[in-house]
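K.L.:
Here you go, one structure.
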Amino acid sequence: MESHMSVLWMLLCLLLRPSSTQNPAPEGVLNCCEGDVLFLLDSSGSVSSYEHSRMLAFLSELLLPFSLGEDQVRMGLLQVGTKPRLEFGFDSHTTQSGLQGALKNTKPLRGDTNTVEALRIAKDRVLRPGAADGARAGLPRVLVWLTDGVKPGDVVGPMAELRDQGVAVLVVSTGHGNYLVLREVVTPPVEEHLYFVDIDDLSIITEDLRNAIIEIIRAERISVRDVSTNTATLQWRPVLSGLTGFYEIRFGPVPTGGTGAGGTGGTGTSPSTGGSQYQRITQNADSSTTRLTGLKPDTTYTATLTPESNEQSFNTLYATFTTKPELLSPATVTISDSGPTSVRVSWGPVQPDKVTSYYIEYSALPRGKLNAVTVGRTQNSTLLRDLQPDTTYLVTITARHATGKEKAMSVKVCTEEVTPALADLQLTTVGSDSVQVDWKGSVAGLRGYWLTWEGQQNSIPDQRSSLYLPPDSLSTRLSHIPPSARVCVSPIYRTARGEGLCCTAQFHSDALAYGYQS
């Protein structure tokens with residue numbers, strides 16, 4: 001009989017002993033988040049040993065599903081007593097076994113409820129903005145305060161300072177007092193961040209509180225970048241780095257009737273990516289990006305990323321995005337080489353596989369003669385000639401596509417004014433027989449200038465001279481000029497000499513300066 005009782009007692013102990021196997025993580029929690037969460041646990045004299053143990057058991061269940069580590073979630077625990085104590089900081093535990101063991105070994109402090117001092121420690125040592133450097137800089141920070149609601153102290157000011165620094169404050173109270181104070185300290189929305197519950201019913205808020213924390217520290221683990229008409233880049237955090245395994249990527253168009261927003265991502269239950277329209281690719285464990293090709297324009301796609309590893313479980317991540325509409329030529333038109341009688345019109349993109357030819361029409365506004373020219377499918381510009389100076393033209397480029405469709409784009413073009421090749425000729429006498437010649441001219445299209453000068457007295461023979469100057473010369477000095485010489489400057493074009501300007505040089509001396517007598 002005694003032997004049977006011993007066996008029954010052993011079986012009963014086995015049944016009642018907590019299982020060492022962790023429950024499966026709720027859908028959507030593994031690998032979901034990135035941030036720092038500090039728990040402020042009241043363990044003063046107003047909290048009984050039973051209540052303290054129930055709070056720790058609640059924290060154990062609440063935190064069990066989270067993935068911990070430098071690139072995941074970091075947890076800390078700060079206890080409130082006469083002398084508040086940081087039981088463990090954010091860098092203490094990177095595994096669930098270590099975190100669960102630390103919670104199990106946490107002992108109450110007792111004494112006064114010195115919450116104000118605990119908040120000072122949290123603000124100065126744990127949750128200060130500069131506490132996280134490098135890759136964790138800017139990540140969300142959360143303070144979860146578990147209290148019995150008894151004499152919390154003057155916490156409104158310190159809590160406000162934390163919120164001003166970007167810390168999200170959530171409160172769980174096992175008492176029913178100080179509602180107004182607790183309501184004031186939490187981060188809105190109050191209905192999602194403030195919980196009143198009996199100590200024996202903490203488990204009923206586990207999922208709601210966990211979801212509230214996740215909503216604050218959820219990490220965008222998958223994103224879509226560089227979306228074009230037929231390609232997109234899928235990026236993700238390399239959660240398999242250092243592990244054995246691979247990433248499985250599936251992508252395809254959203255079925256008719258489905259919805260998708262461009263560039264959104266998430267975790268948890270993903271849209272279906274089965275069927276013949278979906279493509280499957282794999283990437284090694286160290287990868288963090290892949291290029292999706294062969295997409296259709298203006299189409300909504302779903303992409304799923306499943307990290308596969310025998311060492312750790314991960315959720316399937318997903319994203320939806322919409323490719324850009326097809327860009328039909330001409331999409332851009334530009335004007336260059338504009339002159340008085342011609343302009344160059346260019347367009348793009350060049351699509352020789354889709355376009356058969358380009359048809360260009362142009363006419364002077366408002367009612368000028370319509371002109372037209374057709375160019376081949378590989379050409380992306382043409383020079384419009386024989387235009388009128390200082391005139392506005394309407395130019396229309398029409399692409400004739402192989403599908404039979406046409407797309408046109410129009411622009412207004414202004415030709416330049418005709419600038420005189422030569423203007424403002426001035427002669428300045430220097431001494432008794434020299435003259436400084438200056439003029440204004442246009443270099444465009446000129447080959448140079450031709451200068452001539454000759455005396456105006458018939459009695460002086462062979463006094464006509466000439467000189468060539470390059471197109472960038474706008475002045476020269478002539479010496480030994482006969483009295484009352486007539487100086488002319490003419491522009492030289494490619495085929496002829498243009499009309500010039502002439503002036504007469506007037507010296508104060510007379511012909512005697514040259515040895516001649518009148």
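K.L.:
Of everything in the range 305-359, what is among the basic types (Lys, Arg) and either touching a strand residue (DSSP E or B) at 6+ places or on another chain (Cβ under 8 Å) or open to solvent by less than 30 Å² (accessible area, probe 1.4 Å) (or both)? Give them in sequence order.
P.N.:
Those that are among the basic types (Lys, Arg) and either touching a strand residue (DSSP E or B) at 6+ places or on another chain (Cβ under 8 Å) or open to solvent by less than 30 Å² (accessible area, probe 1.4 Å) (or both): Arg344, Lys354.
K.L.:
Can you say whether Leu394 is without any contact (Cβ under 8 Å) to a residue 60 or more places away in the chain and open to solvent by less than 60 Å² (accessible area, probe 1.4 Å), as far as the supplied structure shows?
P.N.:
No: the conditions fail for Leu394.
K.L.:
Related question: Take the residues in the range 159-174 that are over 33 Å from the mean Cα position of the chain (by Cα) and open to solvent by less than 10 Å² (accessible area, probe 1.4 Å); name whichever of them is nearest to Val116 (Cα to Cα).
P.N.:
Met159
K.L.:
Residue pairs, Cβ under 7 Å, 6 or more apart or interchain, first in the range 218-241 and part of a strand (DSSP E or B), second surrounded by fewer than 18 Cβ atoms within 10 Å (Cβ to Cβ) and among the acidic types (Asp, Glu). List them.
P.N.:
Ala232/Asp226; Thr233/Asp226
K.L.:
Condition check: in contact with an Asp or Glu (Cβ under 6 Å, 6 or more places away or on another chain) and open to solvent by 10 Å² or more (accessible area, probe 1.4 Å). Does Thr94 satisfy that?
P.N.:
no
K.L.:
Taking the stated definitions as given, is Leu78 of a type in the set (A, V, I, L, M) and within 36 Å of the chain's Cα centre (by Cα)?
P.N.:
Considered against the rule, which asks whether it is of a type in the set (A, V, I, L, M) and within 36 Å of the chain's Cα centre (by Cα), Leu78 comes out as no.
K.L.:
Out of all the residues in the range 168-218, which are in contact with a helix residue (DSSP H, G or I) (Cβ under 7 Å, 6 or more places away or on another chain) and among the aromatic types (Phe, Trp, Tyr)?
P.N.:
Across the range 168-218, the qualifying residue is only Tyr195.
K.L.:
Another one. If the requirement is being at pLDDT below 90 and open to solvent by 70 Å² or more (accessible area, probe 1.4 Å), which of these qualifies: Glu192, Glu215?
P.N.:
It is Glu215.
K.L.:
While we're looking at this one, here's another question. Which condition breaks for Glu70 when tested against (1) open to solvent by 40 Å² or more (accessible area, probe 1.4 Å); (2) more than 30 Å from Gln312 (Cα to Cα); (3) acidic (Asp, Glu)?
P.N.:
(2)
K.L.:
Right, next: Which ones in the range 343-354 are within 33 Å of the chain's Cα centre (by Cα) and part of a strand (DSSP E or B)?
P.N.:
Val345, Ser346, Trp347, Gly348
K.L.:
Filtering the range 73-91 down to residues that are of a type outside the set (A, V, I, L, M, F, W, C) and within 22 Å of Gly111 (Cα to Cα), which residue is surrounded by the most Cβ atoms within 10 Å (Cβ to Cβ)?
P.N.:
Pro84
K.L.:
Between a first residue in the range 285-302 that is in a strand (DSSP E or B) and a second residue that is of a type in the set (D, E, K, R), which pairs have beta carbons less than 9 Å apart while being 6 or more apart in sequence or on different chains?
P.N.:
Every condition considered, the pairs that remain are Thr289/Arg225; Arg291/Asp226; Thr302/Arg250.
K.L.:
Quick test of your reading of the structure: Phe314 fulfils all but one of (1) farther than 16 Å from Phe246 by Cα; (2) in a loop (DSSP other than H, G, I, E, B). Name the failing condition by number.
P.N.:
(1)
K.L.:
Shifting gears a bit: Of these, Asp198, Asp154, Asp148, which one is buried (at least 17 other Cβ atoms within 10 Å of the Cβ) and either more than 39 Å from the chain's Cα centre (by Cα) or of a type in the set (Gly, Ala, Ser) (or both)?
P.N.:
Testing whether each residue is buried (at least 17 other Cβ atoms within 10 Å of the Cβ) and either more than 39 Å from the chain's Cα centre (by Cα) or of a type in the set (Gly, Ala, Ser) (or both) leaves just Asp148.
K.L.:
Pull up the range 37-85, narrow it to residues that are touching a Ser or Thr at 6+ places or on another chain (Cβ under 6 Å) and among the acidic types (Asp, Glu), then point me to the one that is nearest to Thr206 (Cα to Cα).
P.N.:
Among them, the one singled out is Glu61.
The values are calculated or read from the model by the stated rules, or taken from the named source; none is laboratory data. Computed from a prediction, not measured in an experiment: that's the story for all the values here. Note that we place each Cβ from the backbone using ideal geometry, even for glycine, and neighbour counts take in every protein chain shown. Keep in mind that these areas ignore ligands, DNA and RNA; they rest on the heavy atoms of the full protein, side chains included. Shrake-Rupley method; radii C 1.70, N 1.55, O 1.52, S 1.80 Å.
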